[in-house]
Amino acid sequence: MRKWVPVLLLVGMTACAKVAPAGADLAGKTDMASPAAPPKPGDGKSPTISIPQLAYAYAYRLSLPGDRIQAAIDRDEQACAAAGPYACQLVGARLDREGEGVAGAHLELRAVPDFIAHFRSGIESQTKADGGHIAAATVDSEDLSRSIVDTEAQTRAQATLRDRIEKVLAERPGKLADVMDVERELAKVQGDLDATNSELAVMKARVAMSKLTVDYQVTGLMAQGGALRPLRDATVGAGHTIIAILAAVVTLGSVLLPIALIGGALVGIAFAVRAHLQARGRRRDTAMVGGG
């Protein structure tokens, strides 16, 4: 095994020397915050600008009549299904009911920019047609440019190391134990490479398909945030308080009633015994006076 150690060290050093570090790869590209130097007159070259890899997240909160919420979420979910899995994917959906009515709903999708643009262009008019309005709309983004560049550089380094280990394994046959050690090292490098490629694929998928969440809430005075919401909450709270007091009284009565019954019985017995003893005393006194 000792003769394989210098070979493996040489392979690792060569792979690191051949592949530039992630920071160097990113530094070679022009950042949006730092414009490239202007080209020299007459050289016919334009500045190279790297496009930021942004993962967008769109969020809407729609205020709708309670009887239109289920139809609205069903329509948006069906539009996603009709677009196909390569354009839109359903992440999750929830419909909240209160009694026999609908209290609200939540929809979460992942979709390509074209689907998002089409959805955003028609959401206001569609919401007005349903008798509601857009209560809130937000757009957030996360720049994954550096993470993607660093991960790509890491995959290149791991792929180079894997290829060189495979070459060493093919060109330098040795003892079975030494070969097994090299193959285990090769399997480890390949596993790291697969994991890094998976991580890279997830980041690129986040850039390619944006997150879209829509919350549907009931409009009107009794809706969340309505003018009568504090009164409704106070009424519900008072009801809970009254029920809690009644429950406490029943619990206390169930404990005190047996004690009261037992105590009353003991007091009654004590009075009966006392009365009996007093009657005997009076009879004895009468008998003594009659005999005298």
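The figures follow:
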| item | result |
| --- | --- |
| Sequence-distant residues sharing a close amide H with A103 (under 5 Å, placed H) | D96, R97, E98 |
| Normalised alpha carbon radius of gyration of region 67-115 [divisor 2.2 N^0.38 Å] | 1.26 |
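None of the figures in this text is laboratory data; all of them are computed from the coordinates on show. Keep in mind that this is a model prediction, so the values were computed, not measured.
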